[in-house]
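Only one structure is covered here, and it is reproduced in the block below.
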Amino acid sequence: MEYDSIEQMNPEDRELAQAAINATKHSYAPYSKFNVGAAVMLEDGEIITGSNQENAAYPSGLCAERTAMFYASANRPDKAMTKIAVAAGQDGKLCDSPATPCGACRQVMAQYQTKGGRNMEIILVGGRKVWKFEKVDDILPFIFDSI
């Protein structure tokens with residue numbers, strides 16, 4: 001599903017998307033200057049946010065999506081994640097097109113979707129368009145689940 005803005009979405013999705021946009025303000029991105037925010041909705045409606053955290057030792061940083069999901073799992077391990085919204089921008093302005101999660105984040109989403117026993121919806125927020133997917137499988141075909 002594609003929307004022109006978050007205003008076209010239902011209130012629950014709009015709230016989650018706005019939480020992701022707000023989370024970009026907490027990004028620590030002194031190297032890339034690319035601020036990413038993520039917001040995870042748990043099955044009880046609670047929203048947990050995260051932002052990308054960079055480090056001079058580049059592999060030591062962490063994406064916004066994994067920051068939010070790992071926090072949710074560590075602090076609410078018995079609550080399924082039902083949705084995740086991701087927003088990105090630079091210089092306080094949202095990117096026109098949605099930023100897409102990296103492969104590592106997609107795989108982590110897939111694992112939490114499996115753990116939760118239900119689809120996890122994905123909302124990717126841009127300034128001029130918003131994409132919504134029904135499940136992680138829509139953005140990660142051939143999910144690694146052989147273990």
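The values are calculated or read from the model by the stated rules, or taken from the named source; none is laboratory data. None of the values given here were measured: they were computed from a predicted structure. Note that each Cβ is placed from the backbone with ideal geometry, even for glycine, and that neighbours are counted across all protein chains shown.
What's the total number of residues in segment 125-142 that are of a type in the set (A, V, I, L, M) and either surrounded by fewer than 16 Cβ atoms within 10 Å (Cβ to Cβ) or at positive phi (or both)?
Restricting attention to segment 125-142, the residues satisfying the condition of being of a type in the set (A, V, I, L, M) are 125, 130, 136, 139-140.
From what is left, the residues that are either surrounded by fewer than 16 Cβ atoms within 10 Å (Cβ to Cβ) or at positive phi (or both) are none.
Total satisfying the criteria: 0.
In the list 80, 99, 88, 68, which residue meets the criterion of being over 16 Å from residue 50 (Cβ atoms), touching a residue at least 24 places away in the same chain (Cβ under 8 Å) and touching a Gly at 6+ places or on another chain (Cβ under 8 Å)? Walk me through it before giving the result.
Working: 99 fails: over 16 Å from residue 50 (Cβ atoms); 88 fails: over 16 Å from residue 50 (Cβ atoms); 68 fails: over 16 Å from residue 50 (Cβ atoms).
Result: 80 is the single residue among 80, 99, 88, 68 that is over 16 Å from residue 50 (Cβ atoms), touching a residue at least 24 places away in the same chain (Cβ under 8 Å) and touching a Gly at 6+ places or on another chain (Cβ under 8 Å).
I'd like to check something: does segment 84-98 contain any residue that is more than 20 Å from residue 12 (Cα to Cα), outside any loop (DSSP other than H, G, I, E, B) and among the charged types (D, E, K, R)?
Within segment 84-98 (the criterion being more than 20 Å from residue 12 (Cα to Cα), outside any loop (DSSP other than H, G, I, E, B) and among the charged types (D, E, K, R)), the answer is yes, since at least one residue qualifies.
Conditions tested, residue by residue: (1) out of contact with any helix residue (DSSP H, G or I) (no Cβ under 8 Å at 6 or more places or on another chain); (2) farther than 21 Å from residue 145 by Cβ.
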position: 39; (1), (2): no, yes
position: 46; (1), (2): yes, yes
position: 57; (1), (2): yes, yes
position: 67; (1), (2): yes, yes
position: 85; (1), (2): no, yes
position: 110; (1), (2): no, no
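Listed residues 23, 29, 57; which is modelled with pLDDT under 95 and more than 17 Å from residue 120 (Cβ to Cβ)? Lay out the reasoning, then the answer.
Values: 23 fails: modelled with pLDDT under 95; 29 fails: modelled with pLDDT under 95.
On inspection, the qualifying residue turns out to be 57.
Within segment 107-124, how many residues are charged (D, E, K, R) and either buried (at least 19 other Cβ atoms within 10 Å of the Cβ) or in a loop (DSSP other than H, G, I, E, B) (or both)? Please lay out each step first, then the result.
So the first thing to find is which residues in segment 107-124 are charged (D, E, K, R), and the list is 115, 118, 121.
With either buried (at least 19 other Cβ atoms within 10 Å of the Cβ) or in a loop (DSSP other than H, G, I, E, B) (or both) added as a condition, the list becomes 118, 121.
Of the residues in that region, 2 qualify.
Any residue in segment 24-36 that is in a strand (DSSP E or B) sitting within a Cβ distance under 7 Å of a residue that is among the acidic types (Asp, Glu)? List the pairs, counting only those 6 or more apart or interchain.
28/54
Quick grid of which residues meet (1) over 19 Å from residue 136 (Cα atoms); (2) out of contact with any strand residue (DSSP E or B) (no Cβ under 9 Å at 6 or more places or on another chain); (3) modelled with pLDDT of 95 or more:
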| position | (1), (2), (3) |
| --- | --- |
| 19 | yes, no, yes |
| 38 | no, no, yes |
| 42 | no, no, yes |
| 48 | no, no, yes |
| 92 | yes, no, no |
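Among (1) in a loop (DSSP other than H, G, I, E, B); (2) over 14 Å from the mean Cα position of the chain (by Cα); (3) at pLDDT 95 or above; (4) not aromatic (Phe, Trp, Tyr), which single condition is residue 74 missing?
Failing condition for residue 74: (1).
Within segment 128-147, which residues are part of a loop (DSSP other than H, G, I, E, B), without any contact (Cβ under 8 Å) to a residue 60 or more places away in the chain and within 17 Å of the chain's Cα centre (by Cα)?
Here is the first cut: in segment 128-147, the residues part of a loop (DSSP other than H, G, I, E, B) are 128-129, 134-135, 139-147.
Of the ones still in play, those that are also without any contact (Cβ under 8 Å) to a residue 60 or more places away in the chain are 134-135, 139-147.
If the condition is that a residue be part of a loop (DSSP other than H, G, I, E, B), without any contact (Cβ under 8 Å) to a residue 60 or more places away in the chain and within 17 Å of the chain's Cα centre (by Cα), then 134, 135, 139, 140 are the ones that fit.
What are the residue pairs meeting all of these: first residue in segment 1-22, first residue free of Cβ contacts under 8 Å to residues at least 40 places away in the same chain and within 24 Å of residue 52 (Cβ to Cβ), second residue among the β-branched types (Val, Ile, Thr) and assigned to a helix (DSSP H, G or I), Cβ atoms under 8 Å, and 6 or more apart or on different chains?
14/6; 18/6
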